[in-house]
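Working notes, structure below.
The values are calculated or read from the model by the stated rules, or taken from the named source; none is laboratory data. Since we're looking at a predicted model, the values are computed, not measured. As a convention, Cβ positions derive from the backbone with ideal geometry for all residues, glycine included, and neighbour counts pool all protein chains shown. Protein only, heavy atoms only, side chains kept; ligands, DNA and RNA dropped before computing areas. Shrake-Rupley method; radii C 1.70, N 1.55, O 1.52, S 1.80 Å.
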Amino acid sequence: MTRVFSGVKPTGHLTLGNYLGAMRQWAAVDQYRADSLFCVVDLHALTVDHDPARVRRLSRQAATLLLAVGLDPELCTVFVQSHVDEHARLSYVLECVATDGEMRRMIQYKEKAARERERGGSVRLSLLTYPVLMAADILAYGADEVPVGDDQAQHVELTRDLAVRFNQRYGHTFVVPRATVPPVAARVMSLQDPGSKMGKSDDAGPGIVYLLDEPEVVRKKVMRAVTDSGREVVYDREERPGLANLLEILAACTGGNPEALSGVYESYGSLKKDTAEAVVELLRPVQERHRALCADPGYVEGVLRDGAERARAMARPTVDAAYRAIGLLPAVSDTDAGVVLNAAR
Ligand code: TRP
């Protein structure tokens, strides 16, 4: 069966963009058709300035939301990255396969590092090596497919390069994965700046609908979305990006088609109103389940414990094989040692 791996980074509250662009597909399709793992990648949240308590809180929240959107622990594996040592173990080995030039060419690194330096801050070494850790996340599980937004395509490309290079040098060890980018219509843009994606790490609150925003807050944000000059409602991504974004959100919420929907509306106001209601209705069941899960923290903890155990069992053999292949001396395991001791007795 196809294996799917994807991750959410607990650096901010999850957004409508995360849901429509990724999580909804995981819950509605991937968990049924594939052997899938969904991971709260908390180690990645430490690559930039962070508040430890906030990362902890956001990690728990992200895990709870993964369940709230409908991921079923009976069907897929939901876990937290730092609970499984194999990620860090494999990351180091892959650092011995990657080059520094390769790392410095990563667009996301260049952008984030430049922004950090502009602010007079320092750049953590882990920001540079981040894509190697991401490669380890994916390769440890032998994932065939990695559903991610197109901003992550370059990192998955690097993952492929590292897998191929390792396999060529040290013998076949890793499955070479491929990125599966969600349909274009699922690319939700900021309501205030339709040229940039509705990402959780940008803290421009008014342009971003968070999964846990109250209905009143959702309505306010959608009603205040920037629209383009002009009056008639047309679907044109290039010329009318603000309007196109609203039409796409409405279409994604209601299962409609943005082009067709543009014909239905006479004014921006009525389009915004319907879009706001559609988002509120989309989020309602997610928020209800989230509330129920928060009332039962023991359940979520249990899911994460089982998830980590399952993940560990999957990753361990591959990471062990990579250690052997690259030349590390196998440790005599405790059970082997027990046999030796018993035999000596
Ligand atoms: N880099 C991804 C992001 O910023 C998160 C991530 C980390 C990830 N490891 C992953 C995604 C492995 C898919 C697979 O969104």
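Annotations for the structure displayed:
- Residue pairs meeting the criteria (Cβ under 8 Å; at least 6 apart or on separate chains; first closer than 18 Å to Ala88 by Cα, in segment 323-334; second charged (D, E, K, R)): Tyr323/Arg89; Pro330/Asp320; Pro330/Arg324
- For Asp72, the stated conditions hold: it is open to solvent by 20 Å² or more (accessible area, probe 1.4 Å) and not small (Gly, Ala, Ser).
- Selection count, segment 81-99, where residues are assigned to a loop (DSSP other than H, G, I, E, B) and of a type in the set (D, E, K, R): 1
- Whichever residue in segment 170-186 is away from the ligand (no atom under 11 Å from the Cβ) and farther than 18 Å from Val319 by Cβ and, among such residues, is most open to solvent (accessible area, probe 1.4 Å): Arg178
- Residue check, Arg160 out of contact with any Ser or Thr (no Cβ under 7 Å at 6 or more places or on another chain) and open to solvent by 10 Å² or more (accessible area, probe 1.4 Å): yes
- Residue count, segment 223-248 (criterion: among the hydrophobic types (A, V, I, L, M, F, W, C), touching a helix residue (DSSP H, G or I) at 6+ places or on another chain (Cβ under 6 Å) and closer than 12 Å to Ser262 by Cα): 4
- Number of positions in segment 215-262 that are over 26 Å from Arg284 (Cα atoms) and open to solvent by less than 20 Å² (accessible area, probe 1.4 Å): 1
- Checking the stated criteria, Ala62 turns out to be open to solvent by less than 50 Å² (accessible area, probe 1.4 Å) and assigned to a helix (DSSP H, G or I).
- Qualifying residue in segment 93-115 (condition: under 30 Å from Cys253 (Cα atoms), polar (S, T, N, Q) and under 14 Å from the mean Cα position of the chain (by Cα)): no
- Which numbered condition Gly12 misses (of (1) away from the ligand (no atom under 15 Å from the Cβ); (2) surrounded by fewer than 20 Cβ atoms within 10 Å (Cβ to Cβ)): (1)
- The single condition from (1) assigned by TED's automatic domain parsing to the domain that holds Leu37; (2) open to solvent by 40 Å² or more (accessible area, probe 1.4 Å); (3) in contact with a helix residue (DSSP H, G or I) (Cβ under 8 Å, 6 or more places away or on another chain) that Glu309 fails is (3).
- Residues of segment 47-72 satisfying the condition of being more than 12 Å from the ligand (Cβ to nearest atom) and closer than 17 Å to Ser126 by Cβ: Asp49, His50, Asp51, Pro52, Val55, Ser59
- Boolean, Val80 is modelled with pLDDT under 95 and within 14 Å of the ligand (Cβ to nearest atom): no
- Every test in (1) within 12 Å of the ligand (Cβ to nearest atom); (2) surrounded by fewer than 23 Cβ atoms within 10 Å (Cβ to Cβ) is passed by Leu37 save one, and that test is (2).
- Residue ID - nearest to the ligand (Cβ to nearest atom), chosen from residues in segment 120-143 that are open to solvent by 10 Å² or more (accessible area, probe 1.4 Å) and under 12 Å from Ala98 (Cβ atoms): Met134
- Matching residues, segment 284-316, being under 20 Å from Val209 (Cβ atoms) and modelled with pLDDT under 95: none
- Answer residue from segment 144-169, given it is in contact (Cβ under 8 Å) with a residue 60 or more places away in the chain and near the ligand (Cβ under 8 Å from one of its atoms) and is farthest from Met103 (Cα to Cα) among those: Pro147
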